[in-house]
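Since every read-out is calculated from the coordinates, none of them should be taken as a lab result. None of the values given here were measured: they were computed from a predicted structure. Because the Cβ atoms are built from the backbone with ideal geometry, glycine has one as well, and the counts that use them run over all protein chains shown.
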Amino acid sequence: MLTHTLKLRKPLAVIDLETTGTNVVRDRIVEICIAKAKLDGTVEVKTKRINPGIPIPIESSMIHGIYDEDVKNEPTFKQIAKSMAQFLEGCDLAGFNSNRFDIPMLVEEFLRVDNDIFDVKNRKFIDAQRIFHLMEPRTLGAAYKFYCGKSLENAHSAEVDTLATLEVLCSQVEKYEGVKIKNDKGEEYEPVKNDMDALHNLTSWNIVDFAQRMILNDKGEPIINFGKHSGKPVKLVLKQEPQYFDWMINGDFPLDTKRKLTEIKLKMMLDK
């Protein structure tokens, strides 16, 4: 039986996706693996291939080894969305580079099915890659070798990568808990604790939307994170340039980004 050593307040779902590509808006999931670390120390693993409904580019197939023929008889994401949402219910979410890819891609797939089927509110997001880059700046294979002393065989298999990420995360916590480093001001602090709130604050504290077109600044205000308005408060941009909202809503941005921007605008209207 698979086990873990993490101290949890709620189950932690470690996720890895194989996809048709890296564009959150246009690409689709072809395989998902979820390793659910439970409060009793056990781990439940679910792996599922998915028919993306679009052709898998050959360059993507050459990376993860999944071809159109392999998924033509598999269910679509829409067909498994409800059961997957139920499996993830009440879980915090984790992965390797998950804040920038796996979670945004997964959220986008859910939003295409139903805006309300998968709620990300009140969840913590733990990105093992962020911890790795902070403490030992490299790739999942290098992290696995460094922390676990093993070579990662069959990388880019969703289940192999997912279980390796969970093992890396456990080893990171064991290795770095109590270790002090210096921040930008030269002050010592202990960034890594065996606590999901602390790891969320370490790896995901500034996320507004998962594509990170908007992030929080040091004051906790949402700011634009791209283009000509990069660094400016979202509320200020929407106030000074109202058409910017329409440009983003009608543009080639993820549904999650549009949803978060709409929430900010509605709050501005309510605060008037």
State the Kirkwood hydrodynamic radius of segment 1-67 in Å, one decimal place, computed from all pairs of distinct Cα atoms.
13.4
Which lysines have a Cα lying under 21 Å from the Cα of LYS239, excluding residues fewer than 8 positions away in the same chain?
LYS219, LYS228, LYS258, LYS260, LYS265, LYS267, LYS272
Applying the Karplus parametrisation 6.51 cos²θ - 1.76 cosθ + 1.60 with θ = phi - 60° to the phi angles of segment 169-181, what ³J(HN,Hα) value in whole Hz is obtained for each residue in order, glycine and proline being reported as x?
4, 4, 5, 4, 5, 5, 6, 9, 4, x, 7, 9, 10
Run down the lysines and flag those whose C-alpha is under 29 Å from the C-alpha of LYS175, throwing out any fewer than 8 positions away in its chain.
LYS7, LYS10, LYS36, LYS38, LYS46, LYS124, LYS145, LYS150, LYS185, LYS193
Whole-Å distance, taken between Cα centres, linking segment 70-104 and segment 25-63
7
Short version: ³J(HN,Hα) in whole Hz for each residue of segment 212-223, in order, from phi by Karplus 6.51 cos²θ - 1.76 cosθ + 1.60 (θ = phi - 60°), x for Gly and Pro, what are they?
6, 6, 10, 9, 8, 8, 5, 8, x, 9, x, 10
Once the dipole of the chain is set up with Lys and Arg at +1 and Asp and Glu at -1 on Cβ about the Cα centre, which of CYS91, ALA158, LEU266 lies farthest towards its positive end?
LEU266
Work out the FRET efficiency for ASP116 and ASP271 from their Cβ-Cβ distance, taking R0 = 35 Å, and round it to the nearest 0.05.
0.90
Out of segment 199-237, which trypsin sites (Lys or Arg not before Pro) are coil in DSSP terms and have no more than 15 other C-beta atoms within 10 Å?
LYS219
Counting only DSSP beta bridges with both residues in the chain, what percent are antiparallel, rounded to the nearest 5?
75
Cα gyration tensor of segment 129-229, axes a ≥ b ≥ c as square roots of the eigenvalues: rounded (a/c below 1.5), prolate (a/b > b/c) or oblate?
oblate
Rounded, prolate or oblate for segment 214-271? Axes are the square roots of the Cα gyration tensor eigenvalues, ordered a ≥ b ≥ c, and the cut-off for rounded is a/c under 1.5.
rounded
